[in-house]
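What follows is a short report on a single structure.
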Amino acid sequence: MRHKNFRRIINPPIFLKKTWTRVSFVLIMHDSMIEMVHVVKTYPSQISALSDITLEISSGEFTFVVGPSGSGKSTLLRILCGAEKPTGGEVVVDGVQITHPGFRKIHQLRRRMGIVSQDFKLLRDRTVNENVAFALEVTGHTRREAKSKASDILRRIGLEEREDAPILALSAGEQQRAAIARAVVNSPSLILADEPTGNLDAKTTLDVMGIFSDLNHQGATIVFATQFTGLIKRFPYRVIHILDGQVSNGKKVDTDEVREVKAGG
């Protein structure tokens, strides 16, 4: 049975980058940035990573996705950014049904996202500033504008003295901060962050959370996967628990009721 919040539109017009196109993978939603309906992900080895996931995240909402290693957090985020396809179910991101067989423009959708992955995906042959500026250049900023904005965000994240260094000269924690800077420098409407504070010390973690919170206050939707319940206790955002590929109903919770999960994310 189709989720009650969905109504299929056959060949509706959608406006992207000032160009009118007719597509068949758009659904009308009710003020949602993300909807997942009966989503399943099973790998060829028959390992079930996600099992019948149905959830909704509103535009402008900050949501923690919490669970131990191997619980399905990373798989969920990879499906949302189009890096993996679910075995079954429907996924809508920012008004686009990305699971439709005819959908081929994930790169356009990703330009409106900021993605922080666990493996960083930094450009090995560029400096720190060039890595961050690249995210702006591909969206039309001049090289001078991109370099200036990259410097500003690197200053906020504590890497101002490393911005001209080769990316491979950075420690794991510094590379993680550079990846975060690249993900948020363009003020995206949706940020998908997979364990973004896993290699950071307490002070830097709070600095990074300050940046995420500021972007959220400006209207960005943030999905933040973590194992570290200390963040949940400090920041009163919505929490979705995930365990063995299944989620509980996410809500803002009393921090005294938060189940402890081993720190490390």
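The values are calculated or read from the model by the stated rules, or taken from the named source; none is laboratory data. For clarity, every value in this text was computed on a predicted model and none was experimentally measured. Neighbour counts are summed over all protein chains in view; Cβ atoms, including those assigned to glycine, are modelled from backbone coordinates with ideal geometry.
Within the set of pairs 6 or more residues apart or between chains, which connect a residue that is without any contact (Cβ under 8 Å) to a residue 24 or more places away in the chain inside the stretch 141-164 to a residue that is of a type in the set (D, E, K, R) and outside any loop (DSSP other than H, G, I, E, B) with Cβ atoms less than 8 Å apart?
Short answer, once both residue conditions are applied: H141/K149; R143/E137; A146/E137; S151/E160.
Within the stretch 52-90, which residues are surrounded by 15 or more Cβ atoms within 10 Å (Cβ to Cβ), out of contact with any Asp or Glu (no Cβ under 6 Å at 6 or more places or on another chain) and of a type in the set (K, R)?
Within the stretch 52-90, K73 is the sole residue that qualifies.
Out of H107, H38, report the one residue that is surrounded by fewer than 20 Cβ atoms within 10 Å (Cβ to Cβ) and in a strand (DSSP E or B).
That would be H38, the only listed residue that is surrounded by fewer than 20 Cβ atoms within 10 Å (Cβ to Cβ) and in a strand (DSSP E or B).
Of the residues I191, I222, I240, I211, which is farther than 28 Å from L122 by Cβ, modelled with pLDDT of 85 or more and under 16 Å from the mean Cα position of the chain (by Cα)?
Residue meeting the stated conditions: I240.
Scan the stretch 193-226 residue by residue and report those that are of a type in the set (A, V, I, L, M, F, W, C) and out of contact with any strand residue (DSSP E or B) (no Cβ under 7 Å at 6 or more places or on another chain).
Selection gives L200, A202, L206, V208, M209, I211.
Do we find that R112 is within 18 Å of the chain's Cα centre (by Cα) and touching a residue at least 12 places away in the same chain (Cβ under 8 Å) in this structure?
Here the answer is yes, as R112 does meet what is asked.
Conditions: (1) crowded, with 17+ Cβ neighbours inside 10 Å; (2) farther than 26 Å from V92 by Cα; (3) at pLDDT 95 or above; (4) not aromatic (F, W, Y). I157 meets all but one. Number of the miss?
(3)
Any chance you could count how many residues in the stretch 131-150 are assigned to a helix (DSSP H, G or I) and surrounded by 16 or more Cβ atoms within 10 Å (Cβ to Cβ)?
Residues of the stretch 131-150 assigned to a helix (DSSP H, G or I): 131-137, 143-150.
Among the residues that remain, those that are also surrounded by 16 or more Cβ atoms within 10 Å (Cβ to Cβ) are: 131-136, 146-147, 149-150.
Residues meeting the conditions: 10.
Looking only at residues that are over 17 Å from the mean Cα position of the chain (by Cα) and not in a helix (DSSP H, G or I) in the stretch 115-130, which one is nearest to E84 (Cα to Cα)?
L123
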